[in-house]
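A.B. asks: Have a look at this one.
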Amino acid sequence: LGEEEIPREMERFEAALQATREQIHDIQLKVASAIGHDTASLFDAHLMVVDDRSFIEEVIRRVRGQRINVEAVLRAVSDRYANVLANVGDDYLRERAADVHDVTRRILRNLAGRNSSFLDQIEEPCVVIAHDLTPSDTASLTRSMVIAFATDRGSPTSHTAIMARALGIPAVVGLHDISVRISSGEPVLIDGHKGIAILRPDETTRERYGRIREKRETIEISLASL
């Protein structure tokens, strides 16, 4: 970058940060309205990242000093922060590495002028199989379209898993390689209670899980009447 281009990079970065703040606030409001303020408070950690002055100032300092675009610097700084968190002994702090990556991806989308993800393009009910889902993407899922999901990464204590439980979406996380073991359009069963995904289930397995689902729906209807 030339010296004259630095102010423009700073403007782009500040605009992306502001857009990210507004999006996270919108997600919080949606989650609070749908499932309560306790679950919505999970996104306080995301706001802490986007408002972390040491994080933001390191990005600004590197852009000015190294004269490279803000996207490249943001990725490098984010990776450093996330790696530090991922290697600490505390489980809670390790999970916050995912929050750093989530916020970074959202900032990068805003820098690129894209404020939506592939999940917004789903047009019919399906099971989502992904390498990973961020907490904010999970919170934005449309329950009628995403009937379940499974991911390679994640853990039962991650914000993504907590969000899925709160939304009542069957999910299994931390399967390591499911995204490469099944192709788009192939059948899969997600058993959120047992924490397993059954790839290409046979007819007997489908019928067994169909009966389980019918029984569960009957119980839920009975509970609703109480």
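A.B. asks: Go through segment 1-53 and give me each residue that's more than 28 Å from residue 166 (Cα to Cα) and among the polar types (S, T, N, Q).
C.D. replies: Answer for segment 1-53, where residues must be more than 28 Å from residue 166 (Cα to Cα) and among the polar types (S, T, N, Q): there is none.
A.B. asks: For segment 68-99, name all the residues that are touching a residue at least 12 places away in the same chain (Cβ under 8 Å) and not in a helix (DSSP H, G or I).
C.D. replies: If the condition is that a residue be touching a residue at least 12 places away in the same chain (Cβ under 8 Å) and not in a helix (DSSP H, G or I), then 68, 69 are the ones that fit.
A.B. asks: Now a separate question. Consider segment 93-135. How many of its residues are more than 22 Å from residue 78 (Cα to Cα), of a type in the set (A, V, I, L, M, F, W, C) and modelled with pLDDT under 90?
C.D. replies: Going through segment 93-135 one residue at a time, the tally reaches 3.
A.B. asks: Are any of the residues in segment 189-198 in contact (Cβ under 8 Å) with a residue 60 or more places away in the chain, assigned to a loop (DSSP other than H, G, I, E, B) and not hydrophobic (A, V, I, L, M, F, W, C)?
C.D. replies: Looking for residues that are in contact (Cβ under 8 Å) with a residue 60 or more places away in the chain, assigned to a loop (DSSP other than H, G, I, E, B) and not hydrophobic (A, V, I, L, M, F, W, C), one finds none in segment 189-198, hence no.
A.B. asks: Consider residue 158 against the criteria (1) among the polar types (S, T, N, Q); (2) open to solvent by less than 70 Å² (accessible area, probe 1.4 Å); (3) farther than 19 Å from residue 46 by Cβ: it satisfies all of them except one. Which criterion is unmet?
C.D. replies: (3)
For every residue, the table says whether it meets (1) over 30 Å from residue 9 (Cα atoms); (2) not charged (D, E, K, R).
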site: 88; (1), (2): yes, yes
site: 92; (1), (2): yes, yes
site: 96; (1), (2): no, no
site: 112; (1), (2): no, yes
site: 129; (1), (2): yes, yes
site: 137; (1), (2): no, no
site: 170; (1), (2): yes, yes
site: 190; (1), (2): yes, yes
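A.B. asks: Any idea which of (1) more than 14 Å from the chain's Cα centre (by Cα); (2) of a type in the set (Asp, Glu); (3) farther than 20 Å from residue 210 by Cβ is the one residue 137 doesn't satisfy?
C.D. replies: Only one criterion is unmet by residue 137, namely (1).
A.B. asks: Among the listed residues 76, 148, 72, which satisfies the condition of being in contact with a Pro (Cβ under 8 Å, 6 or more places away or on another chain) and of a type in the set (A, V, I, L, M)?
C.D. replies: Exactly one of 76, 148, 72 is in contact with a Pro (Cβ under 8 Å, 6 or more places away or on another chain) and of a type in the set (A, V, I, L, M), namely 148.
A.B. asks: Residue 59: open to solvent by less than 10 Å² (accessible area, probe 1.4 Å), closer than 17 Å to residue 160 by Cβ and either without any contact (Cβ under 8 Å) to a residue 40 or more places away in the chain or assigned to a helix (DSSP H, G or I) (or both), yes or no?
C.D. replies: No, not satisfied.
A.B. asks: Select from segment 1-53 the residues that are under 15 Å from residue 81 (Cβ atoms) and in contact with a Phe, Trp or Tyr (Cβ under 9 Å, 6 or more places away or on another chain) and write down the one among them that is surrounded by the fewest Cβ atoms within 10 Å (Cβ to Cβ).
C.D. replies: Selected residue: 52.
A.B. asks: Now for a separate question. Restricting attention to segment 209-224, and to residues there that are open to solvent by 100 Å² or more (accessible area, probe 1.4 Å) and of a type outside the set (Asp, Glu), which single residue is farthest from residue 190 (Cα to Cα)?
C.D. replies: That would be 223.
A.B. asks: A further question follows. Inspect all residues belonging to segment 168-179 and state whether any of them is assigned to a helix (DSSP H, G or I) and either open to solvent by less than 40 Å² (accessible area, probe 1.4 Å) or more than 25 Å from residue 97 (Cβ to Cβ) (or both).
C.D. replies: So far as segment 168-179 goes, yes, one or more of its residues are assigned to a helix (DSSP H, G or I) and either open to solvent by less than 40 Å² (accessible area, probe 1.4 Å) or more than 25 Å from residue 97 (Cβ to Cβ) (or both).
A.B. asks: A follow-up question, please. From 142, 160, grab the single residue that is at pLDDT below 90, within 18 Å of residue 27 (Cα to Cα), outside any helix (DSSP H, G or I) and of a type in the set (Ser, Thr, Tyr).
C.D. replies: Exactly one of 142, 160 is at pLDDT below 90, within 18 Å of residue 27 (Cα to Cα), outside any helix (DSSP H, G or I) and of a type in the set (Ser, Thr, Tyr), namely 142.
A.B. asks: Filter segment 10-50 down to the residues that are of a type in the set (Asp, Glu) and within 19 Å of residue 103 (Cβ to Cβ) and list them by number.
C.D. replies: Correct list: 14, 22, 26, 44.
A.B. asks: May I pose another question? Being open to solvent by 20 Å² or more (accessible area, probe 1.4 Å), touching a residue at least 12 places away in the same chain (Cβ under 8 Å) and assigned to a helix (DSSP H, G or I) is the filter here; which residues of segment 112-136 pass it?
C.D. replies: Selection gives 119, 120.
The values are calculated or read from the model by the stated rules, or taken from the named source; none is laboratory data. Predicted model, so just to flag it, every value in this text is computed and none were measured. In this analysis, Cβ positions are derived from the backbone assuming ideal geometry, glycine residues included, and neighbour counts consider all displayed protein chains. We work out accessible area using only protein heavy atoms, side chains counted, and drop any ligands, DNA or RNA first. Shrake-Rupley method; radii C 1.70, N 1.55, O 1.52, S 1.80 Å.
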